[in-house]
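Accompanying notes for the structure given below.
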Amino acid sequence: MYLRAMFRHFLRKNRSKIAPLAILLFGGFLGCASVGSPGGGLYDETPPELVRSEPAEAATGVGKQKITMRFNENIKLDNANDKMTISPPQVKAPTITSNAKTLTIQLRDSLQANTTYTIDLGDAVQDNNEGNALESLTLTFSTGDHIDTMKVMGTLLNAKDLEPVTGAFVGIYAVTEEGTFPARGREGDSLQQAIDSIVALYPDSIFSLRPFERAGKTDGYGRFTISGVGAGKYRMYALKDENTNYKYDVNTEDIAFVDSLIIPSVGSHTASDTIWNRFDSLKVDSIYVHEVIDYYPNDLCLRMFNEGHVIRYLDDMKWKDSTQITLNFAARMPEPPVIVLLDEEDRGPASRDKDSWLICEPNPTNDTLVYWLRDSLVYHRDTLHLAVTYPFTQNGIDIIRTDTIHLEKPETSVPADQQSEDKDDKKRKRKRKKEQDATAEDSLPKTVFMSIKLLENKIDVGKRPRFETSAPLDSLNIAALHLEQQKDSIWVSLDFEFVQDSTSLRRYTLHAKPHFTPGQNYRFICDSASMHDIYGHPVDSIAMTFSEKKPEEYAHLLVNVQGVEGESFVQLLNEKDVAVQQANVKNGQARFPQAPVGKCYVRLVEDRNGNGTFDTGALDGHIQPENVFYMPKMLEMRENWDYSETWNVRATKLEEQKPDELKQNKPKEKKEKKSKNEEYLKQHPNLRKKLPLNPS
């Protein structure tokens with residue numbers, strides 16, 4: 001209490017002296033808190049600088065697992081765990097932290113003897129205030145008495161579509177002069193001796209039994225660099241590592257391998273840099289000639305593939321509406337799952353039979369399955385208890401698994417037949433509703449109709465019109481269906497077949513007898529009640545018109561192919577990289593007499609087994625996937641034009657073939673960072689005169 005009274009007395013006596021001092025201190029505090037302009041000088045636009053590290057760059061005889069880096073300013077980390085790559089790879093993930101100006105990396109794997117270590121942080125280190133990134137930050141040191149300095153570089157592509165593969169590891173294993181893998185097992189180490197025996201018999205098994213000895217990670221362009229490589233010979237593999245142990249021990253992982261041995265080497269060439277006059281940018285001040293070190297090989301191209309193993313599991317299951325259940329699986333299912341209704345009398349499993357209580361409708365890839373609840377006693381419930389039995393992938397092997405699923409009825413229950421109605425159906429129903437409202441009060445109950453729609457109004461030459469119903473059909477009266485062709489102004493009846501699609505439960509194809517004629521108009525008529533769906537809803541009377549294209553509505557393309565080995569086929573692709581037409585190469589030519597009009601791309605597959613489809617590779621047997629090539633340009637096709645293209649499929653490097661506009665997996669272009677200082681100096685022109693000629 002006494003001290004408090006004394007302090008109040010002091011403030012009253014010295015108020016006039018303390019007030020200016022307080023204002024000065026407060027203003028100074030604000031000035032210190034300011035990061036940069038306006039009013040505080042130029043902005044900081046330079047990234048942090050590495051002042052020192054422990055161990056130092058190119059240090060030898062290193063034995064500590066802790067690495068520290070000291071910078072000239074406070075830093076922060078941006079996604080460092082993903083951007084950091086360490087070679088040799090670390091099976092136990094290292095920890096990376098930052099505190100003020102210091103970055104710390106703690107390795108958890110034991111250091112290998114006589115080994116060069118390379119730590120690549122990319123652009124993970126930024127200054128704390130402005131976020132300026134320090135690009136390509138690396139540190140190299142050795143546990144032995146020398147540093148291995150050679151590098152191996154290349155590109156990793158997806159074998160099927162030449163997409164750049166990002167975030168995959170490309171690694172190497174050292175081999176002897178004879179090309180075999182050196183034994184590692186010592187006396188008493190039975191496990192390593194067993195691995196040595198397997199590797200001696202099956203060399204590619206090293207990829208599954210041992211982690212990479214050195215590795216690099218692919219960037220957004222699919223490019224990789226393996227640093228710290230010593231003289232010798234190596235085997236190279238690539239891996240999309242799912243469990244981060246740097247070896248191919250999960251058969252669903254994507255892989256790649258190089259057939260020949262990798263022998264790194266070093267070369268050099270002379271380069272010159274032009275230094276321009278700082279006062280006149282059009283005048284040369286001097287030319288600086290210097291030697292550039294080259295590392296080989298620097299143009300390797302690996303093609304990544306999956307051996308065909310997939311991970312199967314139930315991704316999602318929804319009660320979409322009162323009559324529909326949808327199952328989504330992570331991969332193609334070899335057969336539909338078995339679904340059984342629990343807590344009820346046995347209704348049997350679901351099937352494609354229209355009389356089943358639960359009718360299965362798989363999609364073409366058999367990974368999305370729609371189940372139609374036919375039994376009204378079931379779909380009127382509030383909840384469903386189901387047992388779903390299906391193949392499930394566990395540790396790379398498919399086992400049979402049964403899940404018990406509890407589903408609640410959706411809040412808004414929309415009849416399935418109303419969901420797929422097109423605009424014409426809705427207009428007709430609105431019109432019919434008005435007519436019904438105008439009838440007498442004693443009118444009959446309203447009829448709920450199913451619907452059928454035409455999928456294409458204009459069909460390609462040689463194709464057939466396809467139709468889709470709103471729900472699976474229970475009955476179909478062919479006699480109440482009619483196909484007519486317009487001749488002059490008269491509609492003439494034609495014989496036809498209305499065939500259900502073998503892969504789609506609700507799709508039907510219309511075949512005219514003898515055939516459809518290009519350029520002609522047709523209409524397909526369904527009489528009222530000519531078909532009923534499984535819920536008893538009849539179709540309303542409907543007429544759908546369509547036509548077949550004329551030959552002159554297509555382009556005509558001839559591709560003269562060079563550089564092909566064995567059988568092959570050419571595909572025309574749309575702008576989404578999807579094949580729309582395919583033709584075999586015969587006598588060095590692929591013909592497309594009815595090529596699609598518009599933007600078009602071309603892909604070729606060397607079809608070694610002649611089955612008309614791309615085939616993947618296999619590590620067992622050292623089988624590479626089939627070769628795929630892209631014509632490195634876009635074709636603009638016009639109606640009734642003849643095009644001829646000569647294409648040597650090996651004239652352009654594989655990694656440069658696929659047009660950029662087709663690539664799905666490409667890095668985001670970095671926007672050019674605008675200089676805040678330039679903007680600031682424009683607003684304060686007098687300040688520029690006070691700056692040095694070349695401010696740092």
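The values are calculated or read from the model by the stated rules, or taken from the named source; none is laboratory data. Given the structure is predicted, the values throughout are model-derived calculations rather than measurements. Quick reminder, even Gly has a Cβ in these numbers, built from the backbone with ideal geometry, and neighbours come from all protein chains shown. SASA here: full protein model, heavy atoms, side chains in, ligands and nucleic acids out. Shrake-Rupley method; radii C 1.70, N 1.55, O 1.52, S 1.80 Å.
Laid out as a table, the results:
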quantity: Qualifying positions in the stretch 70-97 - closer than 23 Å to Asn243 by Cα, aliphatic (A, V, I, L, M) and touching a strand residue (DSSP E or B) at 6+ places or on another chain (Cβ under 8 Å); calculated: Ala80, Met84, Ile86, Ile96
quantity: Pair list, Cβ under 9 Å, 6 or more apart: the stretch 304-316 residue farther than 24 Å from Glu626 by Cβ, other residue in a loop (DSSP other than H, G, I, E, B) and open to solvent by 60 Å² or more (accessible area, probe 1.4 Å); calculated: Arg312/Arg332; Arg312/Pro334
quantity: Evaluation of Ser568 against (1) under 24 Å from Asn665 (Cα atoms); (2) of a type in the set (Ser, Thr, Tyr); (3) touching a Leu at 6+ places or on another chain (Cβ under 6 Å) (one fails), failing number; calculated: (1)
quantity: Every pair of residues 6+ apart whose Cβ atoms lie under 8 Å, when the first sits in the stretch 211-234 and is charged (D, E, K, R) while the second is part of a loop (DSSP other than H, G, I, E, B) and open to solvent by 30 Å² or more (accessible area, probe 1.4 Å); calculated: Lys217/Gly167; Asp219/Thr166; Asp219/Pro667; Lys233/Thr176; Lys233/Glu177; Lys233/Leu261; Lys233/Ile263
quantity: Residue satisfying all of: in the stretch 250-273; open to solvent by 70 Å² or more (accessible area, probe 1.4 Å) and either in a strand (DSSP E or B) or of a type in the set (Asp, Glu) (or both); nearest to Arg312 (Cα to Cα) among these; calculated: Asp259
quantity: Selection count, the stretch 284-308, where residues are within 40 Å of the chain's Cα centre (by Cα) and either within 18 Å of Ala618 (Cα to Cα) or open to solvent by less than 70 Å² (accessible area, probe 1.4 Å) (or both); calculated: 13
quantity: Failed criterion for Gly167 (all others in (1) buried (at least 18 other Cβ atoms within 10 Å of the Cβ); (2) closer than 26 Å to Ile255 by Cβ; (3) in contact with a Ser or Thr (Cβ under 7 Å, 6 or more places away or on another chain); (4) touching a residue at least 40 places away in the same chain (Cβ under 8 Å) hold); calculated: (1)
quantity: Wholly enclosed strands (runs of 3 or more DSSP E) of the stretch 281-343 bearing at least 1 residues out of contact with any Pro (no Cβ under 9 Å at 6 or more places or on another chain), more than 30 Å from Ser227 (Cβ to Cβ) and basic (Lys, Arg); calculated: none
quantity: Residues satisfying the stated conditions in the stretch 127-154, i.e. open to solvent by less than 30 Å² (accessible area, probe 1.4 Å), polar (S, T, N, Q) and at pLDDT below 95; calculated: Asn132
quantity: Residue within the stretch 351-367 that is outside any strand (DSSP E or B), surrounded by 15 or more Cβ atoms within 10 Å (Cβ to Cβ) and modelled with pLDDT of 85 or more present; calculated: yes
quantity: Whichever residue in the stretch 182-194 is in a helix (DSSP H, G or I) and among the small types (Gly, Ala, Ser) and, among such residues, is surrounded by the most Cβ atoms within 10 Å (Cβ to Cβ); calculated: Ala194
quantity: Selection count, the stretch 320-331, where residues are under 16 Å from Ala471 (Cβ atoms) and aromatic (Phe, Trp, Tyr); calculated: 0
quantity: Tally of residues being over 16 Å from Arg381 (Cβ atoms), at pLDDT below 80 and open to solvent by 70 Å² or more (accessible area, probe 1.4 Å) across the stretch 314-350; calculated: 2
quantity: Residue selected from the stretch 597-644 under the condition outside any strand (DSSP E or B) and among the aromatic types (Phe, Trp, Tyr), by the criterion most open to solvent (accessible area, probe 1.4 Å); calculated: Trp641
quantity: Extreme residue, farthest from Asn79 (Cα to Cα), among residues of the stretch 96-141 that are aliphatic (A, V, I, L, M) and in a loop (DSSP other than H, G, I, E, B); calculated: Ala113
quantity: Considering residues of the stretch 217-249 that are of a type in the set (Gly, Ala, Ser) and over 11 Å from Val152 (Cα atoms) only, the residue most open to solvent (accessible area, probe 1.4 Å); calculated: Ala231
quantity: Unique match (being over 30 Å from Thr402 (Cα atoms) and within 31 Å of the chain's Cα centre (by Cα)) among Ile263, Ile255; calculated: Ile255
quantity: Residue among Gln582, Gln594 that is assigned to a strand (DSSP E or B), farther than 16 Å from Ala159 by Cα, touching a helix residue (DSSP H, G or I) at 6+ places or on another chain (Cβ under 9 Å) and not acidic (Asp, Glu); calculated: Gln594
quantity: Filter result (of a type in the set (Asp, Glu) and not in a strand (DSSP E or B)) within the stretch 47-75; calculated: Glu49, Glu57, Glu73
